[in-house]
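Heads up, the thing below is written out as structure tokens.
The values are calculated or read from the model by the stated rules, or taken from the named source; none is laboratory data. If you're wondering where the values come from, they're calculated on a predicted model, not measured in any experiment. Reconstructed Cβ throughout: ideal geometry from the backbone, glycine too, with neighbour counts over all protein chains shown. These area figures cover heavy atoms from the full protein model, side chains too; ligands, DNA and RNA do not enter into them. Shrake-Rupley method; radii C 1.70, N 1.55, O 1.52, S 1.80 Å.
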Amino acid sequence: MTPIENWLDLIRSDADKDKLIEGLKSIYQTYKPYCAGLIFTGHCPNKCQHCIYPPDYSVYNNDISADEWKKIVKNIYDDLDIRLFVSNGRSFNKTSLEVLTYIKKELPDTKVGIIDNGLDILPFIDELKVLQPDWIDISLDGMEVDHDRQRNQAGSFNKVVDTLSVLMDNDISPKINILTCLTTINYNSIIELIFLLNEKGFKNFFISPVSVLEGFRPSVDLKVSAEIFRKFVKKISKSLYSFGDIWIELNLFDADYFRYINKSYFNEFKFNYDHLVWDNISNNNLFFLRYFPNSLAGIREFVVNCTGEILPPKVMAKGKIVNEDVFGSLLINKTKFIIDNMANKKSYNIFIKSLFNEQQSLKGVDKYAIR
């Protein structure tokens, strides 16, 4: 069985909490993460409303050196057999470039991707021509007014669109993807944005509703309602035929959003390793709706902070991260040691809590023919 099939069995189970915890632990003992998310720096000059990182993140999270990063990624490569590395931000810098270049040149069969705000990457265009990342994700959050408001930066929209043109004109990567964070600010202009950029030749669009850590950031006021979310999904489906050669993914990580989906969709969801997926094809255009349970985040992505510490999801919202919120440090321990002891750490409770929340939110999902 795949991890998602095991997960769904737990969601549908009437077992007590101890049995559910053991079931989740069994998944984590069987499956290991297949992607490494690298947070190369705690610094970011931007103050986007939807960002989970607090503006003063770099005050509490000091950057390690490029040489230390190289030792860490080599250890991840050897111990976990990970071949997929992603620069998760916060902003792209010289260390990001040096380490990604090392991965591509020195570690066979690897792929590297870059997530960027469309502003920090521009000074490195010439170097990126040489690096040839396997893909680049550029964040663009709605049309101009909505984007600039969400980013708290006037003129940001036009700068990012210019960056996209530079990346395409210079053949920096075979895949240039557009990332959008769905919020109460921009939900009315995202589809217009997709039409605009699709006409400019961009084909890949990835949308995720804002993710919130209760009591921290971003603001819960940015979360769209169930009604807005359902209308948004329906509008994409109805618009799909009129795009030109496009791939759209709406990726959900919180159970709330999955619960919002019209239940008539559920009998069309299928298992895909660590997530559930529904797809729609119209005029050879593709729309995917994917749900990635937060309780399985640790078997998807191995997140390395700029300090060398391994983080569970969302904990970066706290800014000042204490020892009980991390799985360990790769400056001190080997990757295998951290993975083998993950379920014994207090920070592992975030996955247990997510599982209980998912079960509570998705009660009744067993009535639908997810397969």
Inset, instruction - Check whether at least one residue in the stretch 296-313 is in contact with a strand residue (DSSP E or B) (Cβ under 8 Å, 6 or more places away or on another chain), open to solvent by 60 Å² or more (accessible area, probe 1.4 Å), touching a residue at least 24 places away in the same chain (Cβ under 8 Å) and under 26 Å from ILE76 (Cα atoms), and report yes or no. - result: yes
Inset, instruction - Report the residue count in the stretch 107-130 for those that are under 28 Å from ASP81 (Cα atoms) and either outside any helix (DSSP H, G or I) or touching a Lys or Arg at 6+ places or on another chain (Cβ under 8 Å) (or both). - result: 10
Inset, instruction - Could you please tell me which pairs satisfy a Cβ distance under 6 Å, a separation of 6+ or placement on different chains, a first residue in the stretch 325-339 that is under 9 Å from LEU311 (Cα atoms), and a second residue that is open to solvent by 20 Å² or more (accessible area, probe 1.4 Å) and not in a loop (DSSP other than H, G, I, E, B)? - result: VAL326/GLU309
Inset, instruction - For residues that are open to solvent by less than 50 Å² (accessible area, probe 1.4 Å) and in contact with a Pro (Cβ under 8 Å, 6 or more places away or on another chain), tally how many sit in the stretch 45-60. - result: 3
Inset, instruction - Test LEU182 against the criterion of being at pLDDT 95 or above, of a type in the set (A, V, I, L, M), over 19 Å from LEU97 (Cα atoms) and within 17 Å of the chain's Cα centre (by Cα), and give yes or no. - result: yes
Inset, instruction - Provide a single number: the residues in the stretch 199-217 that are modelled with pLDDT under 95 and open to solvent by less than 50 Å² (accessible area, probe 1.4 Å). - result: 3
Legend entry - Number of the condition not met by CYS44 [criteria: (1) in a loop (DSSP other than H, G, I, E, B); (2) touching a Phe, Trp or Tyr at 6+ places or on another chain (Cβ under 9 Å); (3) farther than 30 Å from VAL210 by Cα]: (3)
Legend entry - Unmet requirement for PHE288, which otherwise passes all of (1) touching a residue at least 40 places away in the same chain (Cβ under 8 Å); (2) touching a strand residue (DSSP E or B) at 6+ places or on another chain (Cβ under 8 Å); (3) open to solvent by less than 20 Å² (accessible area, probe 1.4 Å): (3)
Inset, instruction - Restricting attention to the stretch 1-32, report how many residues are over 14 Å from ALA343 (Cβ atoms), open to solvent by less than 60 Å² (accessible area, probe 1.4 Å) and not acidic (Asp, Glu). - result: 10
